[in-house]
Amino acid sequence: MPRYIVERSFPEGFELPFGQSGTDVCRGVVGINEDLGVTWLHSYVRDDRRSTFCVYDAPNPEAIRRAADRNGLPVDRITRVTVLDPYFYTPSAMADASAHPKSGGPAMADRSLDR
């Protein structure tokens with residue numbers, strides 16, 4: 001499944017309640033995403049809370065946009081990415097991935113799909 005970074009802007013700042021209400025919000029997002037074949041893995045929130053960078057597995061960017069719309073979330077940019085893990089990096093693995101870009105090798109890492 002392709003992996004994406006989704007950039008979102010929150011001009012007033014991103015807020016997620018703590019406790020059970022925050023858990024319920026997150027579970028609701030996960031449930032809606034699941035209906036569209038989208039999996040939210042985790043997110044990074046800027047210190048000023050005005051932007052998030054969310055990691056997703058999804059069949060395509062359109063599925064992410066549909067899920068975001070249903071969840072009432074903004075989408076600024078969707079970028080398809082691949083994982084480069086320094087602990088498991090081997091030159092032969094990278095060469096194999098480069099030879100097969102459709103498998104998600106490094107040749108795919110710089111795709112950006114602006115909204």
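The values are calculated or read from the model by the stated rules, or taken from the named source; none is laboratory data. Fair warning: this is a prediction, and the values are worked out from it, not measured in the lab. Glycine also receives a Cβ, built like all others from the backbone with ideal geometry; neighbour counts cover every protein chain displayed.
Taken over segment 22-65, the criterion of being closer than 17 Å to Pro2 by Cβ and in a helix (DSSP H, G or I) is satisfied by Asn33, Glu34, Pro61, Glu62, Ala63, Ile64, Arg65.
Within segment 18-47, the set of residues being among the small types (Gly, Ala, Ser) and in contact with a strand residue (DSSP E or B) (Cβ under 8 Å, 6 or more places away or on another chain) comprises just one member, Ser43.
Residues in segment 51-81 that are within 16 Å of Val30 (Cβ to Cβ) and among the hydrophobic types (A, V, I, L, M, F, W, C) were compared, and the one that is nearest to the chain's Cα centre (by Cα) is Val55. Here Phe14 clears all of (1) at negative phi; (2) modelled with pLDDT of 95 or more; (3) in a loop (DSSP other than H, G, I, E, B) except the condition numbered (2). Being surrounded by 15 or more Cβ atoms within 10 Å (Cβ to Cβ), in a strand (DSSP E or B), in contact (Cβ under 8 Å) with a residue 40 or more places away in the chain and in contact with a His (Cβ under 7 Å, 6 or more places away or on another chain), is that true of even one residue in segment 66-79? Scanning segment 66-79 turns up no residue that is surrounded by 15 or more Cβ atoms within 10 Å (Cβ to Cβ), in a strand (DSSP E or B), in contact (Cβ under 8 Å) with a residue 40 or more places away in the chain and in contact with a His (Cβ under 7 Å, 6 or more places away or on another chain). A search for C-beta distances below 8 Å between a residue of segment 7-26 that is touching a residue at least 24 places away in the same chain (Cβ under 8 Å) and β-branched (Val, Ile, Thr) and any residue that is in a helix (DSSP H, G or I) and surrounded by 11 or more Cβ atoms within 10 Å (Cβ to Cβ), counting only pairs 6+ apart in sequence or on different chains, returns nothing. Among the residues making up segment 36-64, those that are hydrophobic (A, V, I, L, M, F, W, C) and surrounded by 15 or more Cβ atoms within 10 Å (Cβ to Cβ) are Leu36, Val38, Trp40, Val45, Phe53, Cys54, Val55, Ala58, Ala63, Ile64. Residues of segment 27-38 that are touching a residue at least 24 places away in the same chain (Cβ under 8 Å) and either farther than 19 Å from Asn60 by Cβ or in contact with a Gly (Cβ under 8 Å, 6 or more places away or on another chain) (or both): Gly28 alone. Somewhere in segment 91-101, is a residue modelled with pLDDT under 95 and part of a strand (DSSP E or B)? No, there is no match, as no residue in segment 91-101 is modelled with pLDDT under 95 and part of a strand (DSSP E or B).
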